[in-house]
Structures are given as C-alpha cells and as structure tokens.
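The next block holds one structure in the form of structure tokens; read it before the comments.
The values are calculated or read from the model by the stated rules, or taken from the named source; none is laboratory data. None of these values were measured; they are calculated from a predicted model. With ideal geometry, Cβ positions are generated from the backbone for all residues, glycine too; neighbour counts draw on all protein chains shown. Side chains are part of the model used for accessible areas, which takes the heavy atoms of the whole protein and leaves out ligands, DNA and RNA. Shrake-Rupley method; radii C 1.70, N 1.55, O 1.52, S 1.80 Å.
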Amino acid sequence: MVNLALVTPGCIRLEVGEPNFPTPAHIVEAAVEFAHKGQVKYTATAGLLSLRERLVAKLGQVNGIKAGVSNINCSVGGVGGIAAAIAALLEPGDEVLVPDPAWPNYRLMLAWAHGVLVPYACSPDNEFLPDPQAIERQITPRTKMIIVNSPCNPTGAVFSRDLLEQLVDVAVRNNLYFLSDECYDEVILDGKHHSPASFCTDGRVISAFTFSKTYAMTGWRVGYVVANEKISDSITKVLESNSSCLPTVCQKAAEAALDGPREPLREMVRAYRDRRDLCVGLLEEAGMLISRPRGAFYIMADVTRSGMASREFAFDLVSSKKVAVAPGTAFGESARNAVRISLASSPEDLSVGIGRMIERLEELG
C-alpha cells in the first residue's frame, strides 16, 4: 500500500501513522547545542542517568507510576522497548494474547521470538473494546503474557480504569505478564488515560512508552520501557546485545522535551481532536462511522458496502481516487470490513480524501 501510494502522483496520504507536525524548535535546538559541545559519546545501555531521572518524574506525574531509575530502559522507540521485553520474557512455544485488531509489529516480534500469537477480539460491535471473560476462556497452560494497547492503534479506543482492572485481574488469576503498550499515553482526545502499573504493583506489568507521538519525534527514535528490577535487568541485557545504547544526542533531545513547555503537545492534541470531530461528522453522515476514537490519532471507517475485502478496497481507492488508507486486515480479522484513517493529516486532505472514498463507495454500490 505504501509503495503504491509513493508512486502515485498527487496521492492523498491518509494511511501514514506519524504526526504531521515538526519536532518543537526547543527540542531541536537543545540537540544541536549538545552536539556542538563534542560530547556525543556512548552512554549506559539503559540510558543517561539524567534522562531516566526525568522519566521517573514524568511517570509519577503523568502516569501515576512509582518507579526508580533502575526500572527504566531507554530504547530505540517504543518498538525497541516492547521487542526487548518480549525477548527477555518469552521462550519458544509460549502463547501471547494479542488484541485484534492491533499494531502489526506484535506479530512480527512473536515470529522471531518463536512465541505463539493468540488473538483476542476487540470487536467493532463493542467500540473495539475487549471482553475480559472471553479472553480468560482463551488461556491455556502455555499462556505467558497478555498485551494491551490503550490508547489503541489502529482504533483510537481508550480503555476505562474498570476495564483495565478487569484485564489485570485476569492476568493475576492466571499468573501472566501484562505488557501495556502506552505509546499514545498523552494523545487523549476525550476522557482520561489510565496506566495499569499505577494500580497493579506486584511486578507483572511492563509498560512501554515513546517520545515519537507525544512530541512529534518519530525520527529521533527514543522510547522507554518500565518494569520490575529483575525484568528490567534482563531487558538491559537484550538491548546491550542489539543496540548498545541510544544516540546521546537523541537522549538529550528527549530531556529537552521533558523539560520544555507543554503548549506544543496541547496544540497537537487540540488539532487531532478537531480533525477527529471533522472525520466523525463526515463518516457518520455517510453511514461509515464505527466508533468515536477517544485517543491516539486514528479513526476506523466501515467499507462493507464496497463489496470488497478491505485490502482490495484500499488498493482500488489508490488506483481510482488517488487516496491511500490502511486496510483493516493489516491489523486483524476483527477489522476486516474497515480501513484506518490517520488524523495526522491536514484537515484539507482529510475532507477531500474521505469525500473521494465516499464517492468510490457510491460508485461500487
């Protein structure tokens, strides 16, 4: 899909999952200033102590998580932290409960870790939220971990405190690790985000975060993962084997992000909220709205009436209308009749792109 969009002149790109905002200037300036000092050296694998100290404060203030520097590993984006946690904890044949639909990289990670992916449904009929009782029925003696993603890519669902507590209870009763992917933790459009590690403190929760989405720092590749000291030590060993450490200049950029003003983040979230409201209105009027996203920067659109599988429809849309969206089947069977639209696109592109998609559905219908 991405390759086809790239070679299609004038294609409106609504499939791209990264902010269309520049990294705030104060972050870039701090990185440049540090680079000029000539101190871009190796750091501890887990990250600069000064960065981890700032993360301790952020985790307490924003997420309600009590952590020390020894609980934190900085990683190559949130993906690096999640991958390191999976590598540290899984043995071949271990089963992992993974949301469906979900970020496709979980599947890729489990493949090289020789884990067994067991999808649990987050049904569009339930606003893409899971059923804890149904999940518990899928647990076997080989189940090792459950992965939870809230706010969610691709659906924009945000799990309530009550739902997260029920999911944690399932993990506790069945002695599972609980991997909480919170890479969109500060991109909240409605309501409040809850971090499972703020109320489950028995050490089973591993929490993953990133600077990419919060601060429009996707290319800086800075994430971090939080775990109990034993797991954290194992994660450090995995990271030492594959990356040694993050680039120092990127870690200093992350420090500047944490130290700097919050207004750039607030401006981005306001823009995503306005774009969400625009898309909700357009999709609702066309009978294509599945649910109103409450976090992250995505919205799912129902394309059932195209008569095509979502992947086929997505390719057809590029060819016929020069609009790129992400097919729901890229994320899981539960989204087979949907496509994902990124709110990290301009209001103009969203209006025109969704308008062309509606036109195509009418042509096919």
Averaged per residue, what accessible area in Å² does the chain show with a 1.4 Å probe, protein chains only?
41 Å²
Residue-by-residue Karplus 3J(HN,Hα) for region 118-129, coefficients 6.51, -1.76, 1.60, Hz, glycine and proline x
10, x, 10, 6, 10, 6, x, 5, 10, 6, 6, 9
Residue by residue through region 271-285, which ³J(HN,Hα) values in whole Hz follow from phi under the Karplus form 6.51 cos²θ - 1.76 cosθ + 1.60 (θ = phi - 60°), with glycine and proline marked x?
5, 4, 5, 4, 5, 4, 5, 4, 5, 4, x, 5, 6, 5, 4
Checked region 66-190 with the C-alpha gyration tensor, a ≥ b ≥ c its square-rooted eigenvalues, rounded below a/c of 1.5, otherwise prolate if a/b is larger than b/c and oblate if not; verdict rounded
Could you compute the net charge surrounding GLY281? Neighbours are other residues with a C-beta less than 14 Å from the C-beta of GLY281; K and R count +1, D and E count -1.
0
Nearest 20 debye, what's the magnitude of the dipole of region 59-139 about its Cα centre given +1 on Lys and Arg Cβ and -1 on Asp and Glu Cβ?
340 debye
Keeping the other protein chains in place, figure out the carbon and sulfur percent of the accessible area of region 143-206, with a 1.4 Å probe.
42 percent
Excluding residues fewer than 8 places away in the same chain, name every one of the aspartates and glutamates whose C-alpha is closer than 15 Å to that of LYS66.
GLU53, ASP202, GLU229
Entry for Kirkwood radius over Cα pairs in Å (calculated from the structure that is shown) out of (i) 21.0; (ii) 20.5; (iii) 23.0
(i)
I'd like the distance between the alpha-carbon centres of region 242-319 and region 97-119, rounded to an integer number of Å.
21 Å
Once you keep just the Cα pairs under 8 angstrom separated by 6 or more residues, what percentage relative contact order results for the chain?
26 percent
Going down the table (LYS213/LYS322; LYS144/LYS252; LYS37/LYS192; LYS213/LYS321), which pairs top 31 Å between alpha carbons?
LYS144/LYS252; LYS37/LYS192
The chain, dipole about Cα centre (Lys/Arg Cβ +1, Asp/Glu Cβ -1), debye to the nearest 20:
660 debye
